[in-house]
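Note sheet for the following structure.
FYI, it's all coordinate maths here, none of it is from the lab. Given the structure is predicted, the values throughout are model-derived calculations rather than measurements. Heads up, the Cβs are rebuilt from the backbone with ideal geometry, glycines too, and the neighbour counts pull from every protein chain shown.
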């Protein structure tokens with residue numbers, strides 16, 4: 001099936017691309033990885049001003065509503081520019097808060113998230129919180145339910161140095177554990193996986209684009225390596241993987257928008273396809289760039305690390321495949 005963005009959606013994507021191109025995101029990513037969050041926070045506020053964060057917030061809480069197609073398009077751009085921060089976690093938290101029977105937490109937090117006033121993160125039960133050291137509020141799930149605040153433990157780096165992890169601690173209980181909360185958590189996890197898939201697709205597209213440009217410029221035996229048949233095959237395989245993943249992502253977006261009972265399986269299919277396609281693009285990029293692709297000074301490494309991390313974030317490939325086959 002072929003999915004095409006309409007004129008308004010396309011212009012929104014172009015606006016994000018222009019904003020992020022001018023923002024010098026590689027420098028922002030490096031600062032974020034070093035613990036300097038000021039440039040990233042400034043970028044976060046500019047993104048909020050474009051309405052990106054409001055795409056996950058219902059209109060009754062000063063958002064733009066449940067708009068998964070626009071959210072997918074936006075998050076592809078965020079991935080393409082390697083924007084740091086708890087992006088998928090924010091989407092998951094918005095889904096979780098709006099699903100709670102108790103409306104007070106949603107009224108308190110969702111308008112502030114949509115406007116970019118606060119930066120938040122969400123940690124699944126027993127897991128690390130992403131970018132807890134940068135967040136104004138750390139939400140986490142535990143045996144008692146959903147809690148917020150309480151600080152966090154020492155910061156650790158992940159496969160992507162800009163994805164900083166810490167164990168959440170303590171906090172005030174917002175919602176007690178029970179069937180209703182567990183169902184809300186499952187829905188929130190689907191939205192997180194969906195946002196992660198969109199980011200991964202954008203990362204893969206960026207890696208392929210940079211590698212194609214490199215193949216046109218690098219020469220061996222007096223010829224650009226992009227003219228070699230083996231190189232063409234590698235680039236073509238990476239492109240095919242990304243282009244096959246794209247309709248799965250937008251198919252999942254349509255299923256989420258319609259509230260389809262099978263939306264979770266479609267999200268899982270999109271997550272595994274986008275994650276694997278981005279990972280394959282990262283491997284191709286590294287093979288064709290050579291050892292320079294590993295170096296921290298070379299921008300390509302920022303996308304390679306992100307592709308590796310997003311592949312397993314909010315659902316490993318095996319977990320997603322099992323979900324697809326669950327019937």
Quiz item: Which one is surrounded by the fewest Cβ atoms within 10 Å (Cβ to Cβ), of the residues in the range 306-318 that are under 18 Å from residue 128 (Cα atoms) and touching a residue at least 60 places away in the same chain (Cβ under 8 Å)?
Solution: 308
Self-check item: Close pairs (7 angstrom Cβ cut-off, 6 or more residues apart or separate chains): part of a loop (DSSP other than H, G, I, E, B) in the range 98-109, buried (at least 16 other Cβ atoms within 10 Å of the Cβ) anywhere
Solution: 100/106; 100/175; 100/184; 102/175
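Out of 170, 85, 126, which single residue is over 29 Å from residue 249 (Cβ atoms) and not in a helix (DSSP H, G or I)?
After applying the criteria, what remains is 170.
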Quiz item: Of the residues that make up the range 162-171, is at least one more than 30 Å from residue 151 (Cβ to Cβ), out of contact with any strand residue (DSSP E or B) (no Cβ under 7 Å at 6 or more places or on another chain) and either in contact (Cβ under 8 Å) with a residue 24 or more places away in the chain or surrounded by 13 or more Cβ atoms within 10 Å (Cβ to Cβ) (or both)?
Solution: no
Self-check item: Selection from the range 4-50 of residues that are without any contact (Cβ under 8 Å) to a residue 24 or more places away in the chain and either touching a strand residue (DSSP E or B) at 6+ places or on another chain (Cβ under 9 Å) or over 21 Å from residue 158 (Cα atoms) (or both)
Solution: 4, 6, 7, 8, 10, 11, 14, 18, 22, 24, 42
Quiz item: Is it the case that residue 119 is crowded, with 16+ Cβ neighbours inside 10 Å, in contact with a helix residue (DSSP H, G or I) (Cβ under 9 Å, 6 or more places away or on another chain) and farther than 19 Å from residue 40 by Cβ?
Solution: no
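Can you name every residue in the range 210-246 that is in a helix (DSSP H, G or I) and closer than 20 Å to residue 299 by Cα?
Hits for the range 210-246 are 210, 211, 212, 213, 214, 215, 216, 217, 235, 238.
Answer yes or no: is there a residue in the range 56-74 that is outside any helix (DSSP H, G or I), over 23 Å from residue 252 (Cα atoms), touching a residue at least 40 places away in the same chain (Cβ under 8 Å) and touching a helix residue (DSSP H, G or I) at 6+ places or on another chain (Cβ under 6 Å).
yes
A quick yes/no check of all residues on (1) buried (at least 16 other Cβ atoms within 10 Å of the Cβ); (2) touching a helix residue (DSSP H, G or I) at 6+ places or on another chain (Cβ under 7 Å):
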site: 6; (1), (2): no, no
site: 10; (1), (2): no, no
site: 17; (1), (2): no, yes
site: 24; (1), (2): no, no
site: 29; (1), (2): yes, yes
site: 48; (1), (2): yes, yes
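Would you confirm, using the coordinates I've provided, whether residue 64 is under 13 Å from residue 115 (Cα atoms) and within 13 Å of the chain's Cα centre (by Cα)?
Judged against the criteria, residue 64 is not a match.
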Practice problem: Of the conditions (1) under 20 Å from residue 76 (Cβ atoms); (2) more than 17 Å from the chain's Cα centre (by Cα), residue 226 clears all except one; give me its number. | Solution: (1)
Quiz prompt | Selection count, the range 33-43, where residues are within 24 Å of residue 194 (Cα to Cα) and touching a helix residue (DSSP H, G or I) at 6+ places or on another chain (Cβ under 8 Å) | solution = 2
Self-check item: Scope the range 300-327; condition on the phi > 0 side of the Ramachandran plot and touching a helix residue (DSSP H, G or I) at 6+ places or on another chain (Cβ under 7 Å); matching residues
Solution: 314, 315
